[in-house]
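Here the structure comes first, spelled out in structure tokens, and everything after it is commentary.
Every number here is computed from the coordinates shown, using simple stated rules; none is lab data. Just so it is clear, the model here is predicted, and its values are computed rather than measured. For neighbour counting, all protein chains shown are included, and Cβ atoms are generated from backbone atoms with ideal geometry for every residue, glycine included.
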Amino acid sequence: MKAILLLVSALGAGAAGTAAVVWTAPHAATFSAAEPWDDRPGPDSARVGLLLAAMEAADPVACELIGDNLGNGWWNGDAWGVGRLSDARPGARAARDSLSGRVRDAGAIRRLAATLGHENPCVRRAAAAMLGRSVADDAVLRPLLEDPSPRIREAALMAAGQGERMALREKGEAMLRDREEPVATMAAWMLGELEDPASVGPLTGSLERGGRQLRIASAWALGEIEHERAVPALRQALRDPDAMLRAAAADALGDIESPDGAEDLERLVKSDPDRQVRLEAIEALGDIEVARSAPALGSVLEGSDVELSIAAAEALANLDDLEQAPAGLVRAAASPDARLRHAAAHALGEIADPATVQALTRLLDDADPEVRRAAVEGLGEIGSRDAVPALTRALQDPDPEIRRAVAEALGEIEED
């Protein structure tokens, strides 16, 4: 397949050179979004080389944007050409589409493996992502995991994680003890991508005894695996002096959704000095969904931090078997912030406490249509006939979607 790379350098005052890349491939095949990823024709060695060279020459931000999108489902899915500029290049689209397929070309695989030691981290990351998702045998990656260069070992672990290479799991666990912490940290990330409960023990060890970044990565990985065996170590990490580790551990406990972690998370919500830790703990309690967390979440609504209050209201909406709405949630429904009023109205509807009918009916006249709609839906969930007069008046709401929601709410009350 012929491919032409055009690099146009543009130098501005005080700015680094940038490069624009144009590919043309007159005979390149196209394929649809419905075609399975594994069946798409992948790029050959020349195409891979062009991509990596273009990324190396590009502005670092542009390079990162390209790297973010590799493997994110690039395809030429619109057969009609609708929504494209009239002079868009079909050949460039076809070349782009080839990069979304699995790399099968032996030369391309060799080129990607050789690029894992590249000095540009963005290029190295792209090579790792494409190599991991290629058809390369695990035997290609295994020696790279033992390379003397920590840069190559780290990139090889990224490739193994990107490709979810389960056969390399034990090697990844052993590399949690790598003498270079960035390598060990990437090993933890790889194991989190594999999501195998067998890795809980090694990751727990690195959470308890590793360096800072390794401990944070291990907490994240344990959350990805979602196994309750990790809960005791994560609960202990919630008491660590490092706020970032506490936040990562709180997030992981939310992913695991074990009620055993709720009490420690409630303590963080009430008293941790770090705002991000409190936010992660609030969201984790919403994921764990136990009613006993309502008082701790309700206490957040009494504070002045609107973002934390919104998160607490959203978490309260998720709690199972919560029958009585915290007083702070009712007061939040009268907040000057429309986002908080909306979150509070939604939570009141999910809790369905009949004592909150009056608070919701007051919101039927709210200036924000999203708040009005949440109030209507909440009243329908509660199902109290005390709300019928206010809902009947709301049939005159100027928003047709709200009028439709009112009709549905009245129908639900009638059925009850």
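Tabulated data for the structure shown
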| read-out | value |
| --- | --- |
| Simple Cβ-charge dipole of segment 274-356, Lys/Arg +1 and Asp/Glu -1, about Cα centre, in debye nearest 20 | 320 |
| Fewest-first ranking of HIS342, HIS227, using other Cβ atoms within 10 Å as the exposure measure | HIS227, HIS342 |
| Dipole of the chain [Lys/Arg +1, Asp/Glu -1 at C-beta], most positive-end residue of ALA334, ALA184, GLY107 | GLY107 |
| Residue among VAL200, VAL135, VAL231 with the largest mean-square fluctuation in a Gaussian network model of the chain, springs linking Cα atoms under 10 Å | VAL135 |
| Per-q log10 I(q)/I(0), segment 181-334, q = 0.09, 0.13, 0.18 Å⁻¹ (Debye; single scatterer per alpha-carbon; no solvent) | -0.28, -0.56, -0.94 |
| FRET efficiency for ASP240 and ARG179, using Cβ-Cβ distance with R0 set to 25 Å, rounded to 0.05 | 0.60 |
| FRET efficiency for ARG209 and ALA114, using Cβ-Cβ distance with R0 set to 45 Å, rounded to 0.05 | 0.80 |
| In range of the label at GLU164: residues from segment 174-188 whose backbone nitrogen is under 19 Å from the point 7 Å along Cα→Cβ | 187-188 |
| Neighbour-count order for LEU265, LEU319, fewest beta carbons within 10 angstrom listed first | LEU319, LEU265 |
| Overall form of segment 137-225 per C-alpha gyration tensor (a/c, 1.5; a/b vs b/c) | oblate |
| Simple Cβ-charge dipole of the chain, Lys/Arg +1 and Asp/Glu -1, about Cα centre, in debye nearest 20 | 2120 |
| Rounded FRET efficiency, nearest 0.05, which uses the C-beta distance separating GLU64 from ALA291 and R0 of 45 Å | 0.55 |
| Among SER299, GLY223, ALA367 - extreme Cα towards positive end, dipole of the chain, charges at beta-carbon | GLY223 |
| The chain: calculated mean residue ellipticity at 222 nm from DSSP helix runs of at least 4, using -39500 (n - 2.57) | -17500 deg cm²/dmol |
| Long-range Cα-Cα pairs in the chain (distance over 31 Å), rounded percent | 57 |
| Neighbour-count ranking [beta-carbon atoms within 10 angstrom, fewest first] of SER86, SER100, SER149, SER271 | SER86, SER271, SER149, SER100 |
| Cα gyration tensor, segment 324-416 - rounded (a/c under 1.5), prolate or oblate | oblate |
| Cα centroid separation - segment 300-337 against segment 170-207, whole Å | 38 |
